[in-house]
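Student: My questions all concern the structure below.
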Amino acid sequence: MKKISNLKIKILSDNFVSTVVPPLLGEWGFSALIEADDVKILYDVGNSGYPVLYNSEKMGIDLTKVDYVVLSHGHIDHTGGLGNSELVKKLEGKIVVAHPSIFEKKLMKWSNKLEYIGIPMSMDEMEKHFHLILTSKPLQITEGIVFSGEIKRYGFNEYTKGLYTARDFSLVDDHMIDDTALFLSTENGLVVLTGCGHSGILNILNYAKESLGENVYAALGGFHLLFSPRNEVENVSKELLKLEKIGPAHCSGNTIKSIIAEGKDKFLDAGVGQIITF
């Protein structure tokens, strides 16, 4: 597979804002623009879509020029922007790649109540606005860029506790088989971009290496360690620190950020406004 020569990842939506000038917006959720040579991919659309719209304008990004939209999984903090008519208008007619299970009813137990936390558009509605590609298998989107499809679980921790879905009129645990990642092939190795990492960040990295036969150079995005005990975060960090670059974002939590930051040159700030070049 051909390598990406010039790769930039621009953070459009995250819980944290990392720039002062220009002033940008943050919210719980994630969205990033990938510029890989001549291809532009919008990875996730944030929670409300407003920071994606506002921040892209302030950063000089024209969302109508995006070639693809990739949705990492079906939770609202990554797909909620599809409920924003202005954002949908800018992305009208784009190719959207996702796992078919993103349309399952996504529920979370919060204060002993079940809340809907799923995608705000049905599949029928999506097909009215976009060219939809749904696959559970790996898919080469373009040269050097592979959509993971369903992540193989190797026994490392996955992060799906308290998540549910409805099947056959019954409430069942949601193991988030729709959780996916992007594998970006560069001369230095793979850059792995995650949305929330419900599959377990170590499972995702192992699957990337197994699928493409390349070493992983960097990991960036949500690692879903926010609510994990410190000893677990430390164990995951030991493995992550074997990589050259690590950018914990969104649901990763401050504990892993502080641990990775001790590696100094390995830590990537992945807050809103950051432009990360590989």
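The values are calculated or read from the model by the stated rules, or taken from the named source; none is laboratory data. Quantities reported herein were computed from a predicted structural model and do not represent experimental measurements. In this analysis, Cβ positions are derived from the backbone assuming ideal geometry, glycine residues included, and neighbour counts consider all displayed protein chains.
Student: Can you say whether Gly29 is in a loop (DSSP other than H, G, I, E, B), farther than 18 Å from Asn84 by Cβ and either at pLDDT 95 or above or β-branched (Val, Ile, Thr) (or both), as far as the supplied structure shows?
Tutor: Here the answer is no, as Gly29 does not meet what is asked.
Student: Moving on. Report the residue count in the stretch 151-163 for those that are modelled with pLDDT of 95 or more and either buried (at least 19 other Cβ atoms within 10 Å of the Cβ) or in contact with a Pro (Cβ under 7 Å, 6 or more places away or on another chain) (or both).
Tutor: Adding up the residues that qualify gives 1.
Student: Further, regarding this structure: Could we say that Ala270 is in a loop (DSSP other than H, G, I, E, B), buried (at least 21 other Cβ atoms within 10 Å of the Cβ) and of a type in the set (A, V, I, L, M) here?
Tutor: yes
Student: Sticking with this structure for a sec: Please go through the stretch 205-234 and pick out each residue that is within 12 Å of the chain's Cα centre (by Cα) and not in a loop (DSSP other than H, G, I, E, B).
Tutor: Selection gives Ala219, Leu220, Gly221, Gly222.
Student: Every residue in the stretch 168-184 that is in contact (Cβ under 8 Å) with a residue 60 or more places away in the chain and touching a helix residue (DSSP H, G or I) at 6+ places or on another chain (Cβ under 7 Å), please.
Tutor: Ile177, Asp178, Ala181
Student: Only residues that are part of a helix (DSSP H, G or I) and either in contact (Cβ under 8 Å) with a residue 60 or more places away in the chain or in contact with a Pro (Cβ under 7 Å, 6 or more places away or on another chain) (or both): list them for the stretch 44-75, please.
Tutor: Residues satisfying the conditions are Pro51, Asn55, Lys58.
Student: Exactly one condition in (1) touching a residue at least 40 places away in the same chain (Cβ under 8 Å); (2) in contact with a Gly (Cβ under 9 Å, 6 or more places away or on another chain); (3) of a type in the set (A, V, I, L, M) is not met by Leu212; state its number.
Tutor: Status for Leu212: all satisfied but (2).
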